[in-house]
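To start, the structure under review is shown below, and the notes come after it.
None of the figures in this text is laboratory data; all of them are computed from the coordinates on show. Predicted model, so just to flag it, every value in this text is computed and none were measured. Cβ: placed from backbone, ideal geometry, glycine included. Neighbour counts: every protein chain shown.
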Amino acid sequence: MGPTAARRGEPIASPGRRPRRPIGALRAEHARHPPRGETGGARAPCPGWRAEGRPRRRGSMAAPFEERSGVVPCRTPWGRWYQTLEEVFVEVHVPPGTRAKDVSCSLQSRHLALAVGGRQLLQGKLFDSTIADEGTWTLEDRKLIRIVLMKTNRDAGNCWTSLLENDYAADPWVQDQMQRKLTLERFQREASQRSLITANVLFARVGYGRGSWVKRLLSCAVETNTVGQ
C-alpha cells in the first residue's frame, strides 16, 4: 500500500481538502443533535410558507380577477361590466323567459339606455365616447342581455373608472386591477407585433418574401405527400 492509500472503510483525503466524514457518522450526529426547527427528521415550515407548501402572499388581497375569462368585473345591482383595450362589456340579468321584443336598447356615442318590458334598467351618459355603429346587444338564454361598446380611444391609459359618467363606478381596488389588465394587454400586443416584425425581417434576409416562404412550405408538404403515395 502506498503512503497515500487508506485502509479499507476509511475515506481518502485529497491534498488541501478536509477529509469527508462517513455518512453513518453524519446521520448519527443528526439524530443526536437535530437542527433547530426540526423534529423527528421532518423539516419545520418556513415562516413565509403555508402548511400545504404554497408560498404565502404577504399583504395581498383577493383580487377580483377571474382566471377563466381573464376579466376584471365591476359588480352592479343589475349585473356587471368590464373592459378591454378596445371594448366595454355590459351584462344585465333580466327575468327568465324575456323575449327580444320586450327589450328596448339605445346605443349612442355617449349615451346608453336599456329597458325591459317597459321597465328602465339603464340610462345615462357613458364615461367616454364610443363608436355607435359598432355597438351591439344580444339576448342570451332569455335571461341575460350582453351589450358590447367599442371604445373610441383604445389606449391603455383610457381605463374607464365607471360605466356611466356619474354612476356604477368601480372601487379603487377594482380600478387598479383594471388598469393593470389593460397595461398587460397592451404589452402582450406590442410583444406580438415585435415578434411578427422580427420574423418578417429574418425571412427577408434569407430571401423569402412575406408569402413566398408559406408557398415553399406548402410545396414541400405536397412533395412529401406525393412521395409517400
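A few points about this structure:
- Every condition in (1) touching an Asp or Glu at 6+ places or on another chain (Cβ under 8 Å); (2) without any contact (Cβ under 8 Å) to a residue 24 or more places away in the chain holds for Arg119 except the one numbered (1).
- Listed conditions (1) within 21 Å of Val71 (Cβ to Cβ); (2) touching a strand residue (DSSP E or B) at 6+ places or on another chain (Cβ under 9 Å); (3) exposed (fewer than 15 other Cβ atoms within 10 Å of the Cβ) are all met by Leu126, apart from (3).
- Condition met for Trp173 (farther than 15 Å from Phe89 by Cα, of a type in the set (Phe, Trp, Tyr) and either surrounded by 12 or more Cβ atoms within 10 Å (Cβ to Cβ) or in contact with a His (Cβ under 9 Å, 6 or more places away or on another chain) (or both)): yes
- Selection from region 130-179 of residues that are part of a helix (DSSP H, G or I) and either in contact (Cβ under 8 Å) with a residue 12 or more places away in the chain or at positive phi (or both): Ala132, Glu134, Trp173, Val174, Gln175, Gln177, Met178, Gln179
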